[in-house]
1. Determine, yes or no, whether A:LEU284 is assigned to a helix (DSSP H, G or I) and either touching a Cys at 6+ places or on another chain (Cβ under 8 Å) or buried (at least 24 other Cβ atoms within 10 Å of the Cβ) (or both).
2. Here are the criteria: (1) more than 14 Å from chain A (Cβ to nearest Cβ); (2) of a type outside the set (Phe, Trp, Tyr); (3) open to solvent by 10 Å² or more (accessible area, probe 1.4 Å); (4) not in a helix (DSSP H, G or I). Tell me which single one B:ASP199 does not satisfy.
3. Pick out the one residue from A:TYR104, A:TYR87, A:TYR69 that is closer than 30 Å to C:THR214 by Cβ, more than 14 Å from chain B (Cβ to nearest Cβ) and open to solvent by less than 60 Å² (accessible area, probe 1.4 Å).
4. Can you list residue pairs whose Cβ atoms sit under 7 Å apart, with the first residue in region B:303-327 being open to solvent by less than 60 Å² (accessible area, probe 1.4 Å) and the second being among the acidic types (Asp, Glu) and assigned to a helix (DSSP H, G or I)? Count only pairs 6 or more apart in sequence or on different chains.
5. Could we say that C:LEU44 is under 25 Å from A:PHE180 (Cα atoms), part of a helix (DSSP H, G or I) and either open to solvent by 40 Å² or more (accessible area, probe 1.4 Å) or not β-branched (Val, Ile, Thr) (or both) here?
6. Name the residue that is surrounded by the most Cβ atoms within 10 Å (Cβ to Cβ), counting only residues in region C:47-59 that are within 11 Å of chain A (Cβ to nearest Cβ) and of a type in the set (Ser, Thr, Tyr).
7. For residues that are surrounded by 20 or more Cβ atoms within 10 Å (Cβ to Cβ), part of a helix (DSSP H, G or I) and in contact with a helix residue (DSSP H, G or I) (Cβ under 7 Å, 6 or more places away or on another chain), tally how many sit in region A:140-155.
Amino acid sequence: MAVAAAAAALAAGPSPQRRAGLGPWFAVTPMLGWLALFVIVPTLMLLVISFCERDALGRIVYSFTFENYTRAFDWKWLKILGISVWYAFLTTAICLVLGYPVAYFIGRSSDRVRGLLIMLVMIPFWTSFLIRTYAWISILSQDGLLNALLMTLKITSAPIGFMYTPFAVILGLVYNFLPFMILPIYTSVEKLDGSLIEAAYDLGARPARVFSKVVLPLTQPGIAAGILLVFVPAIAMFAITNLMGGGANPTIGEVIQNQFTRARNQPFGAALGVLLLAIFIFSLWLSSKFRRSEQE
Amino acid sequence: MTKHKTKLIVAACAGAMLLAGCEKKDETLKLFSWSEYVPQAVIDKFTEETGIKVSVENYSSNEEMLAKLLAGGGAYDLIQPSEYTVQAMIKEDLLQELDQAKIPNLKNLAPEFRNMPFDPNNKFSVPWLAGFVGVVYNAEVVPGPIVSYKDVFTDEHAGRIVILDDARETVSWGLATAGIPINNVTDENLATITPLLKDWLGKVKVFDSDSPKTAMSNGDTDIGIVWSGEGALLFAENPKFQWVMPVEGVHMFVDNLAIPKTSQNKDKAEAFINFILRPEISKMISDEFPYYNPNLEARALLSPEQLNNPASYPPGFDVTSAQLFTDLGEQASKVDELITTLKAQ
Amino acid sequence: MTDAPSLVPPGRRWWLPQGPAVQRAFFGGWTVAVFAFLYLPIALLVVYSFNDSKLNLYWAGFTTKWYGLLFGNEVLLRAFQNSLIVATATTALSVVIGTSAAWLLYRYRFPAQQTLGLLIFIPMVMPEVLMGVSLLVLFVSLGIPLGYTTLIIAHTTFCFPFVLVGVQARLQGIDPSLEEAAMDLGATPLKAFWLVIIPYLLPAIVAGALMSFTLSFDEYIVTIFTSGADSQTLPLKVYGMVRVGLNPQLNALSTLFIAATAVLVIASQVFTRKKTI
């Protein structure tokens with residue numbers, strides 16, 4: 001799993017670590033407290049709930065059962081998870097291809113415009129998600145702008161159904177996650193040493209070679225971060241998938257959401273959530289183990 | 001270089017800080033309602049007349065409301081549950097009995113809404129708006145006649161259909177088509193209608209409960225099963241969007257106001273209920289939401305255009321013949337699983 | 001890649017533009033195209049804010065009435081203000097927690113470091129509804145009334161990992177002598193962090209801040225469960241509006257916000273440039 005490798009690369013990269021003294025301990029305490037109280041405690045609560053039952057109104061009944069897990073280990077849920085991961089993977093790949101050159105260009109441009117350009121990447125997303133998405137719908141729908149354009153230019157004679165297709169889903173996902181790829185790569189490009197690249201040119205290397213042998217390896221941490229920031233949240237994302245895809249392909253985030261709302265089965269939703277977390281954390285842990293044994 | 005980047009952020013955020021205000025409240029009426037379902041003008045007028053301040057929190061499904069309420073999220077004075085939720089909440093003793101002497105305007109309600117099966121004699125709840133689920137189709141593309149649920153899911157319409165993204169609704173159409181009462185959601189009945197639903201869902205292009213009208217008005221679908229309010233908005237946009245009440249039987253939903261046990265401001269909540277039952281106030285609600293208004297006196301004030309919208313007020317339809325959902329309880333989980341599985345097939 | 005002995009020079013790839021200038025033009029052109037993609041729906045949104053019709057699809061003539069209605073719409077403006085407050089506070093907190101955590105985890109050895117590094121990803125992968133409901137239960141049992149505080153805590157919890165991951169990436173390959181040089185000059189670790197490391201990390205911090213602000217500004221499901229009556233944010237309003245059709249006032253609001261941000265950004269550019277001269 002490339003993403004797990006990316007996470008491991010970030011977390012376990014070689015660093016001049018020294019044992020934490022009193023000062024660092026003091027500094028790290030607020031963050032540990034935050035993690036413990038608002039991440040670990042809620043996660044443990046979910047774990048407890050996932051072994052509980054619920055009453056007719058959806059309230060948790062604290063009696064132990066394995067039923068939620070036996071129900072969760074079923075191909076149908078796994079298949080839905082598979083589709084979610086596949087969408088997340090495609091989104092990440094396309095974001096990387098689209099975003100890298102942009103991040104590179106912004107990172108290599110002059111100090112003067114760099115800040116401006118990076119703000120310009122983010123500003124479109126300071127509108128409401130639904131307004132943006134409905135704007136896309138008005139572009140892609142059958143009576144929409146794109147079809148009007150294509151038909152005026154006589155490229156097609158009948159409108160094309162862009163909306164409510166996997167194409168629309170991926171477009172929506174890529175659009176909304178692109179900045180989360182561009183920004184971390186940009187911070188890696190920005191610290192590139194220009195003289196290194198020039199030296200490579202002076203030694204007679206061609207641009208393509210400079211790029212693959214110098215630029216890419218040096219910006220690899222940014223790429224890893226970008227992959228993580230897009231792929232991980234994209235797995236559980238369902239609002240875009242629903243609106244752009246017409247809701248015909250349920251994703252894992254939606255299934256879990258439904259357990260907490262109309263299915264009134266919080267314990268089952270919690271069990272699915274715990275499994276999702278477990279699969280994810282396990283693959284991260286596994287690849288970081290791999291990486292460490294490689295290094296040793 | 002570093003300096004100007006800090007500036008960017010500071011500049012972008014400083015405005016926010018300046019706007020930040022602080023307000024303390026005490027004896028406010030705490031309304032927990034569907035997002036954007038209570039017109040602000042109604043709330044403002046209530047405050048103006050009574051001096052009672054109203055604070056509003058929003059949710060977007062009955063179950064979200066229940067989850068937050070049961071977790072103890074806030075001491076809400078008024079909530080806006082749908083009929084099956086009212087039924088479940090009465091059963092679980094979560095609602096306060098209304099003092100009808102304080103709500104004289106109850107008399108404005110149409111008689112059929114004074115004694116609904118989920119809450120006889122409005123002991124705990126007062127209807128806000130009601131609506132139906134029916135078929136809408138684009139008469140320019142679909143020749144018709146369309147009379148039933150199964151007319152929607154024909155091979156000619158495959159890939160051009162929008163339906164509500166609501167498992168319970170979908171199952172009820174299947175049950176009605178198979179001649180089974182829509183509240184008999186037993187395992188056997190679910191098994192009976194599974195092949196039918198499998199065929200149907202395979203033909204659906206869009207599942208959307210929030211705004212199914214979008215897919216219709218943008219031309220991506222030609223026919224669908226939607227809320228009557230959606231049908232009314234489409235009809236108002238273009239009369240080519242015809243509305244049909246299915247012959248198998250019509251499902252009606254009723255959204256209500258009710259006072260949860262957590263309320264410490266029962267008097268004020270009742271004053272609010274009485275207030276919205278006034279014809280001219282109830283009309284303000286109808287002006288924004290083209291659903292069926294249970295308030296008979298308010299209906300008299302509506303424009304002919306509003307009353308002649310066939311989705312809002314279906315001509316010749318006897319409301320007492322409509323069917324209501326009863327609370328499914330734990331069976332809700334099975335219904336959801338069935339539809340999710342069929343969608344993912 | 002194997003470079004077969006041939007007339008084509010080694011490393012040459014026909015599909016990659018050759019020469020630094022060409023390459024620059026290629027990247028520039030690509031960037032323009034991606035910006036066009038990013039701004040296409042935004043341009044539409046601006047156009048619709050002047051459209052004399054509630055329906056997006058048809059142009060019914062120019063009007064500024066939506067702006068007028070917007071300024072009279074206290075509830076919408078208040079929701080927008082709440083969103084700004086929450087997003088700003090969330091951004092500030094996320095930057096502090098994310099940056100310091102990234103640095104400490106990078107620089108010092110703690111017991112169970114690996115586990116800590118993994119725990120950070122939980123809020124990123126956890127579906128919003130799980131986070132919303134579990135935090136709601138937690139806040140209620142801790143006796144914290146729902147409002148700005150709970151909302152900001154909840155938002156920060158899923159935002160700070162974004163800052164952390166970005167800063168971690170920037171820290172990779174940092175010159176260790178950077179900090180040492182400062183310490184040799186007599187700075188305490190804290191001072192060295194403040195004077196040397198923070199400036200070095202600034203681009204990543206800015207990027208993290210931008211991401212946090214965006215995520216918080218648009219969050220809906222977690223907000224439903226963790227907000228109180230005084231802290232209803234814009235997304236809660238917008239989601240309700242969809243049922244009767246999105247109101248062009250929202251387009252007007254978005255247009256104004258984008259315009260205001262753009263003006264602020266450009267102004268601060270001009271301002272700092274003048275100062276440096």
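1. yes
2. (4)
3. A:TYR104
4. B:VAL319/B:GLU112; B:LEU324/B:GLU83; B:PHE325/B:GLU83
5. Considered against the rule, which asks whether it is under 25 Å from A:PHE180 (Cα atoms), part of a helix (DSSP H, G or I) and either open to solvent by 40 Å² or more (accessible area, probe 1.4 Å) or not β-branched (Val, Ile, Thr) (or both), C:LEU44 comes out as yes.
6. Result: C:TYR48.
7. Of the residues in that region, 1 qualify.
For every residue, the table says whether it meets (1) touching a helix residue (DSSP H, G or I) at 6+ places or on another chain (Cβ under 9 Å); (2) farther than 19 Å from C:VAL244 by Cβ; (3) surrounded by fewer than 23 Cβ atoms within 10 Å (Cβ to Cβ).
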position	(1), (2), (3)
B:TYR37	yes, no, yes
B:ALA41	yes, no, yes
B:LYS45	yes, yes, yes
B:GLU49	yes, yes, yes
B:ILE52	yes, yes, yes
B:LEU66	yes, yes, no
B:ALA71	yes, yes, yes
B:ALA75	no, yes, yes
B:PRO81	yes, yes, no
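The values are calculated or read from the model by the stated rules, or taken from the named source; none is laboratory data. What you are looking at is a predicted structure, and each value in this text was computed from that prediction instead of being measured. Reconstructed Cβ throughout: ideal geometry from the backbone, glycine too, with neighbour counts over all protein chains shown. Keep in mind that these areas ignore ligands, DNA and RNA; they rest on the heavy atoms of the full protein, side chains included. Shrake-Rupley method; radii C 1.70, N 1.55, O 1.52, S 1.80 Å.
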